[in-house]
Amino acid sequence: MRPVPETKPETDSSALLALEKLSPREREIIGMVALGLSNQTIGERLFISDKTVKNYVTSIRRKLCVENRIQIALYAIRCGLVDPGISQQQ
């Protein structure tokens, strides 16, 4: 068997259009969610409460028409917002 070359998944244009609906703060948070950070950790990094982060995550879910954090993470990866091979949980 030949090794399969690593390729970046094609970005769905409808996914990018939905991403444009997000505010700059929501785009910042979506990347952190995709890296697996908790609401508490995101809040600490952005100097906001974890309840505020939760509200942002809910808004992101609604705007992107996804149901949970995993789908948010997959969305961010598909749009190229994060590299799935990099963990930032420091």
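The values are calculated or read from the model by the stated rules, or taken from the named source; none is laboratory data. Bear in mind that the values here come from a model prediction, so they are computed numbers and not experimental data. Heads up, the Cβs are rebuilt from the backbone with ideal geometry, glycines too, and the neighbour counts pull from every protein chain shown.
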LEU46 vs. criteria touching a helix residue (DSSP H, G or I) at 6+ places or on another chain (Cβ under 9 Å) and within 26 Å of SER13 (Cα to Cα) = no
GLN88 versus (1) part of a loop (DSSP other than H, G, I, E, B); (2) modelled with pLDDT under 95; (3) surrounded by fewer than 12 Cβ atoms within 10 Å (Cβ to Cβ): which is the lone unmet condition?
-> (3)
Return the pairs, sorted by first residue and then second, in which the second residue is of a type in the set (Asp, Glu), the first residue lies in the range 53-79 and is in contact (Cβ under 8 Å) with a residue 24 or more places away in the chain, the beta carbons are less than 7 Å apart, and the residues are 6+ apart or on different chains.
-> TYR56/GLU26; SER59/GLU26; ILE60/GLU26; ARG78/ASP12
Somewhere in the range 39-57, is a residue modelled with pLDDT under 90 and not in a loop (DSSP other than H, G, I, E, B)?
-> no
Quick one: is ILE29 at pLDDT 95 or above, touching a helix residue (DSSP H, G or I) at 6+ places or on another chain (Cβ under 8 Å) and in a helix (DSSP H, G or I)?
-> yes
